[in-house]
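Encoded as structure tokens, the structure appears first; notes follow it.
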Amino acid sequence: MAILVKLDDLLHARRMTLTELAERVGITIVNLSILKTGKARAIRFSTLEAICTALACQPGDILEFLPDAAEEAKAA
């Protein structure tokens with residue numbers, strides 16, 4: 001996937017568990033886990049906003065675009 005999800009790194013840096021983030025954001029642990037592992041295909045802006053608020057970060061701190069991965073996917 002061309003989008004890398006860095007949620008796990010942010011949680012570690014903030015010394016916060018996935019459970020604590022789920023409670024603060026109001027989303028299930030399962031859905032956050034799907035996002036954290038990069039298996040999510042979409043994220044609502046309202047969810048992204050809530051995560052950014054809870055972690056005091058910007059969307060770019062959570063998501064990173066990897067152009068090389070996108071080109072590899074097209075070639076495959």
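The values are calculated or read from the model by the stated rules, or taken from the named source; none is laboratory data. Just so it is clear, the structure is predicted and the values come from calculations on it, not from any experiment. Cβ atoms come from the backbone with ideal geometry, glycine included; neighbour counts cover every protein chain shown. Only protein heavy atoms, including side chains, enter the accessible area calculation; ligands, DNA and RNA are left aside. Shrake-Rupley method; radii C 1.70, N 1.55, O 1.52, S 1.80 Å.
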Return the residue satisfying two criteria in turn: it lies in region 1-49 and is within 16 Å of F65 (Cβ to Cβ) and in a loop (DSSP other than H, G, I, E, B), and of such residues it is most open to solvent (accessible area, probe 1.4 Å). R41
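Residues in region 48-76 that are closer than 15 Å to L18 by Cβ and either at pLDDT below 95 or of a type in the set (G, A, S) (or both): how many?
Of the residues in region 48-76, 2 are closer than 15 Å to L18 by Cβ and either at pLDDT below 95 or of a type in the set (G, A, S) (or both).
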Hey, can you tell me all the residues within region 50-68 that are loosely packed, with under 12 Cβ neighbours inside 10 Å and assigned to a helix (DSSP H, G or I)? T53, G60, P67, D68
